[in-house]
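A.B. asks: Below you will find the structure I want to go over with you.
The values are calculated or read from the model by the stated rules, or taken from the named source; none is laboratory data. Small disclaimer: the values here were computed from a predicted structure and weren't measured. Methodologically, a virtual Cβ is constructed for each residue, glycine included, from the backbone with ideal geometry; neighbour enumeration extends over all protein chains shown.
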Amino acid sequence: MNTNKNTEKLSITEKVGYGLGDMASNFYMGFFGLFLLYYYTDVFGISPAAVGTMLLVTKFINAISDPAMGLIADRTNTRWGKYRPYLLWMVIPYALLGYLLFLGPDLSNTGKLIFAYITYSLVMLAYTAINVPYSALLAVISPSAEERTKATQYRFVFASLGTLVVGAFATPLVTWLGGDNELLGFRLTILLFAMLSILLYLITFATTKERVKPKVHNSSVREDFSALLSNPSWVVLVFTGMLVVVGLITRFASLIYYSKYYLNDNGSTIFLIFDATALLTSCGLIGQLIGALITPALVKRFEKHHLVAVMNIAHVVLLGLCFIIPPQNFGLIVLVHSLGIFTFGVIITLLFSMYTDCAEFGEWSTGKQTAGLIVSASMFSLKFGSAVGGALPAFMLAGFGFIANEIQTDSAVTGIRLMFNVVPAVFFLAAGLLIMKYRINRTTLAKVETQLAARRQDAT
């Protein structure tokens, strides 16, 4: 392989193409994070506690499927590469199962819960099968950490745009497409996002290339896991990511309840086509987009793990401020919320770049190329964090006496405020402290890149 830096630069087309894959993902995951709990409790009619239990229990499937998918992808060899083929093979099942999740059949309470368990589990399996290879693709798209960071920036710019589109237009679309039938509105809205996801994943497949030549995978599963766990920085990173995602998803899953029952959003438009929920969500996600955009500039001046720590602590301060703002000061709530999500935009962009840095470090230190396993194990931690973040508000709603579509007690409103601000702050604080144990810096990465490039050159 030619190690000249100029030959390693990714074209704008490829970086955009790669980024569109996460936009496709976030048309679903953003929708789920913002609306799934609300859909289950206020539209489909499942109790909050039952939903919370389901979100946690179904993660046991991912405990097996995520590492298994990573191992499978690492051992896949086709003319299209190791990881790209899954974008083509899994896109249709992924889209169809997402639509099925919001089908909302008229069943008994028990039947609804069983339907939710089955469809949610299948959707998460399909997500694993397409997103683990997509994420691992970043590790082989370029041998350069700088280029991977740039690709990660594009990824999270488009991820933010995808979630922004969902946050801005989902509730208006549900109303427009469904009218008085909120269930129909959700079903047709997710169908629209499903079709868009298919298109974007196919563009990603067509525009990307695996440049790092794959090795013949002759190590055992046990050896691969041993190599993974021997990387202490990855262990720190994976738990940091889990804590961050728990905090974020707890906040996102709570947002519609916070808006509806604390800010008294009744669905009326307050700006253009946006109600309070859509406006709060959209402005926050614009903040996330800006955070993703400026991350490469910040990385040039500061170590990645230092930035993650600072942004987490800043988020904690902003959440505390948001907690004490009364509902009448909606503009200030929007501003503070947006600044908080801005910090997350920086954090999540950095975390995914650091996952592939860990993959490079792992290959350098052990001689084993296990990007798929590293990413899949990381993705499981994030999905587990997402499940906990989705379940916590559900259990808190039940514990504080929430009753769907009713005027809430003071206790229930307090619970909603706590789960929107205070609970996320605890997890962001823990993440900010933990990441300081991360040890892979830019000096180490430069050494790793140089030596790996020489090894790969000798192998050709």
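A.B. asks: Of the conditions (1) aromatic (F, W, Y); (2) buried (at least 18 other Cβ atoms within 10 Å of the Cβ); (3) out of contact with any Pro (no Cβ under 7 Å at 6 or more places or on another chain), Y86 clears all except one; give me its number.
C.D. replies: Going through (1) aromatic (F, W, Y); (2) buried (at least 18 other Cβ atoms within 10 Å of the Cβ); (3) out of contact with any Pro (no Cβ under 7 Å at 6 or more places or on another chain) one by one, Y86 breaks only (3).
A.B. asks: Right, next: Out of D106, D66, D74, report the one residue that is under 20 Å from F186 (Cα atoms) and among the charged types (D, E, K, R).
C.D. replies: Just one listed residue meets the conditions, D106.
A.B. asks: Answer yes if at least one residue in region 119-126 is out of contact with any Pro (no Cβ under 9 Å at 6 or more places or on another chain), of a type in the set (F, W, Y) and closer than 30 Å to L452 by Cβ, and no otherwise.
C.D. replies: No, that holds for no residue.
A.B. asks: Give all pairs with beta carbons closer than 8 Å in which a residue from region 193-219 that is closer than 18 Å to I130 by Cβ and surrounded by 19 or more Cβ atoms within 10 Å (Cβ to Cβ) meets a residue that is acidic (D, E) and modelled with pLDDT of 85 or more; count only pairs at least 6 apart in sequence or on separate chains.
C.D. replies: Filtered contacts from region 193-219: T208/E14.
A.B. asks: Here is a further query. Just to be sure before I move on: is N131 under 21 Å from L36 (Cα atoms) and crowded, with 24+ Cβ neighbours inside 10 Å in the structure I sent?
C.D. replies: For N131, the condition - under 21 Å from L36 (Cα atoms) and crowded, with 24+ Cβ neighbours inside 10 Å - is met.
A.B. asks: Which residues, taken from region 288-305, are free of Cβ contacts under 8 Å to residues at least 12 places away in the same chain and part of a helix (DSSP H, G or I)?
C.D. replies: Across region 288-305, the qualifying residue is only A297.
A.B. asks: Here's another thing I want to ask about it. In the list L97, L34, L101, which residue meets the criterion of being within 26 Å of L373 (Cα to Cα) and touching a helix residue (DSSP H, G or I) at 6+ places or on another chain (Cβ under 9 Å)?
C.D. replies: Criteria check complete, one pass: L97.
A.B. asks: Which condition number in (1) more than 30 Å from F169 (Cα to Cα); (2) assigned to a helix (DSSP H, G or I); (3) aromatic (F, W, Y) is the one that Y83 fails?
C.D. replies: Unmet for Y83, out of (1) more than 30 Å from F169 (Cα to Cα); (2) assigned to a helix (DSSP H, G or I); (3) aromatic (F, W, Y): (2).
A.B. asks: Quick one: what pairs do we get from region 173-187, first residue without any contact (Cβ under 8 Å) to a residue 12 or more places away in the chain and more than 14 Å from I273 (Cβ to Cβ), second of a type in the set (G, A, S) and part of a helix (DSSP H, G or I), C-beta under 9 Å, 6+ apart or different chains?
C.D. replies: Here the result reads G178/G185; G179/G185; L184/G178, each pair linking region 173-187 to a residue that is of a type in the set (G, A, S) and part of a helix (DSSP H, G or I).
A.B. asks: I'd like the full set of residues that are over 24 Å from I256 (Cα atoms) and not in a helix (DSSP H, G or I), limited to region 28-78.
C.D. replies: Selection gives R75, T76, N77, T78.
A.B. asks: How many residues are crowded, with 17+ Cβ neighbours inside 10 Å, more than 19 Å from the chain's Cα centre (by Cα) and assigned to a helix (DSSP H, G or I) if we restrict to region 380-417?
C.D. replies: The number of residues fulfilling the criteria is 10.
A.B. asks: Please verify whether region 268-280 includes one or more residues that are at pLDDT 90 or above and not aliphatic (A, V, I, L, M).
C.D. replies: no
A.B. asks: Then there is this: I want to confirm something. Restricting to region 319-329 and keeping residues that are out of contact with any His (no Cβ under 8 Å at 6 or more places or on another chain) and closer than 14 Å to R417 by Cα, which single residue is surrounded by the most Cβ atoms within 10 Å (Cβ to Cβ)?
C.D. replies: Only one residue fits best here, namely L319.
A.B. asks: Something else about it: Out of I118, I141, I114, which single residue is aliphatic (A, V, I, L, M) and touching a residue at least 12 places away in the same chain (Cβ under 8 Å)?
C.D. replies: Going through I118, I141, I114 in turn, the sole match is I141.
A.B. asks: Tell me, please, whether a residue that is buried (at least 24 other Cβ atoms within 10 Å of the Cβ) and more than 29 Å from A136 (Cα to Cα) can be found in region 420-437.
C.D. replies: Yes - at least one qualifying residue is present in region 420-437.
A.B. asks: Could you grab me the full set of residues in region 316-370 that are within 16 Å of S135 (Cβ to Cβ), of a type outside the set (V, I, T) and assigned to a helix (DSSP H, G or I)?
C.D. replies: Answer for region 316-370, where residues must be within 16 Å of S135 (Cβ to Cβ), of a type outside the set (V, I, T) and assigned to a helix (DSSP H, G or I): L350, L351, F352, S353, M354, Y355, D357, C358, A359, E360, G362.
A.B. asks: Residue by residue through region 48-71, note down the ones that are under 15 Å from A391 (Cβ atoms) and without any contact (Cβ under 8 Å) to a residue 60 or more places away in the chain.
C.D. replies: Once the filter is applied, which keeps residues that are under 15 Å from A391 (Cβ atoms) and without any contact (Cβ under 8 Å) to a residue 60 or more places away in the chain, region 48-71 yields only F60.
A.B. asks: With of a type in the set (A, V, I, L, M) and not in a helix (DSSP H, G or I) as the only criterion, which of L137, L107 stands out?
C.D. replies: None of the others qualify; the one that does is L107.
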